[in-house]
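I have placed the structure first, in the form of structure tokens, so that the comments after it can refer back to it.
The values are calculated or read from the model by the stated rules, or taken from the named source; none is laboratory data. Quick caveat: nothing in here was measured; it's all calculated off a predicted structure. In this analysis, Cβ positions are derived from the backbone assuming ideal geometry, glycine residues included, and neighbour counts consider all displayed protein chains. Keep in mind that these areas ignore ligands, DNA and RNA; they rest on the heavy atoms of the full protein, side chains included. Shrake-Rupley method; radii C 1.70, N 1.55, O 1.52, S 1.80 Å.
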Amino acid sequence: MKLASLKDGRDGRLAVVSRDLTRAAFAEDIAATLQAALDDWVRVEPLLAGLSEKVEAEKTSTFRFRERDCASPLPRAYQWADGSAYLNHVELARKARGADMPQRFWAEPLMYQGGSDAFLGPRDPIPLLDEGYGLDLEAEIAVVTDDVPMGVAPAAARERIRLVMLVNDVTLRGLVQDEIAKGFGFFQSKPSSAFSPVAVTPDELGAAWDGGRLSLPLLSSVDGAPLGRPNAGVDMAFDFGQLIAHAARTRPLSAGSIIGSGTVSNRGADGGPGLPIAKGGLGYSCLVEQRAVEALTDGGPRTPFLKAGKVVRIEVLDQQRHSIFGAIEQLVEAR
């Protein structure tokens with residue numbers, strides 16, 4: 001089942017979308033918004049699944065689905081907590097700012113709590129106030145949970161995953177180091193994120209979903225030039241069950257909480273940081289990784305951060321090369 005929130009008020013209007021992303025039907029007779037559906041998932045999910053079957057069989061009234069009409073599946077959420085499960089990314093990002101990789105990072109995940117009150121839509125522009133801020137994309141996988149009890153074990157946490165989607169966790173690299181140096185985490189360096197046009201139930205992912213990881217390439221590009229295609233199921237040190245359990249260690253999570261994977265990143269075949277696509281590698285899901293590799297191999301970074309007018313795109317395709325979640329495609333817009 002694929003679900004979307006069409007732009008309508010603050011929380012969108014819930015729709016069930018066909019698997020090929022061409023048609024949709026509003027679900028307001030079942031639940032007005034995705035958050036309302038998640039709040040009553042045991043009762044609502046079978047009704048939404050029934051509507052999905054009718055959409056597929058063309059046995060109900062539908063309308064043409066347009067990704068540009070979508071808000072993020074949850075236009076605002078009770079919680080957005082982003083992990084950093086791909087330690088190749090962690091290591092490279094730390095090297096880029098002159099920091100070592102502590103050994104304890106292999107024992108438990110990093111996680112920050114992001115702003116969740118004003119997500120961008122998947123085709124909304126990314127506002128940029130100052131190019132000196134160092135705007136970067138971060139292509140990631142995210143899950144949406146049901147209610148999660150405090151102290152949940154990772155295996156039980158996997159059973160609380162209701163939806164899977166993509167995210168562009170926008171980062172202002174020029175502000176990160178000063179914020180981290182204060183010892184109190186990200187805030188100004190993490191503006192609004194954007195999520196994919198649709199969120200999907202895990203069963204839609206078939207064998208690519210093992211309950212805690214999505215084993216498909218995550219494709220990202222800038223102005224149509226491929227940036228990365230790492231496999232999200234590879235080099236993920238902590239799966240989503242572990243990330244959810246980490247988030248819920250000392251508090252419960254409410255239905256509709258979003259947990260991110262962190263920037264998807266694969267090591268190279270030799271165990272090193274990996275090569276850019278232009279050199280036959282899998283590339284990177286953010287610019288700071290490419291810059292870090294350039295610094296390590298070429299003596300200094302050459303790739304600039306995003307400027308006004310640039311367009312970023314993030315997408316996952318199935319084995320038949322069909323888009324699963326639709327695409328995040330955003331223009332960087334000067335403000």
remark   = Relative to the chain, whose Cα atoms define the longest principal axis, helix 41-57 and its Cα axis are tilted in degrees, nearest 10, by 80 degrees
message = With n ≥ 4 as the cut-off for DSSP H runs, can you work out [θ] at 222 nm for the chain, using -39500 (n - 2.57) per run divided by the number of residues, rounded to the nearest 500?
response = -6000 deg cm²/dmol
remark   = Output for the range 1-72: GluC sites (Glu not before Pro) sitting in coil per DSSP, at most 15 other Cβ within 10 Å, listed by number, reads Glu28, Glu58
task = Could you work out the relative contact order of the chain, using alpha carbon pairs under 8 angstrom and six or more residues apart, expressed as a whole percent?
result = 22 percent
query = Counting pairs of alpha carbon atoms under 8 Å apart in space and at least six apart in sequence, what relative contact order in percent does the range 243-335 give?
reply = 15 percent
request  = Please report, in debye to the nearest 20, how large the charge dipole of the range 11-101 is about its Cα centre when each Lys and Arg carries +1 at its beta carbon and each Asp and Glu carries -1 there.
outcome  = 340 debye
ask   = How much length is gained if the chain between Thr250 and Tyr78 is pulled fully straight, taking 0.36 nm per residue apart and subtracting their Cα-Cα distance, in nm to one decimal?
value = 60.2 nm
note = Extension length gain for Arg302 and Phe63 (0.36 nm per residue less Cα distance), in nm, is 81.5 nm
key: Estimated dipole of the chain in Debye, rounded to 20 [Cβ of Lys and Arg +1, of Asp and Glu -1, Cα centre]   = 360 debye
inquiry  = Just to confirm a number: summing +1 for Lys and Arg and -1 for Asp and Glu over residues other than Gly132 whose beta-carbon lies under 14 angstrom from that of Gly132, what do you get?
reply    = -1
message = In Å², and per residue, what accessible area does the chain have when probed at 1.4 Å with the other protein chains present?
response = 44 Å²
ask   = For the chain, modelled as a Gaussian network with Cα springs under 10 Å, which listed residue fluctuates most, Ala107, Ala247, Ala24?
value = Ala107
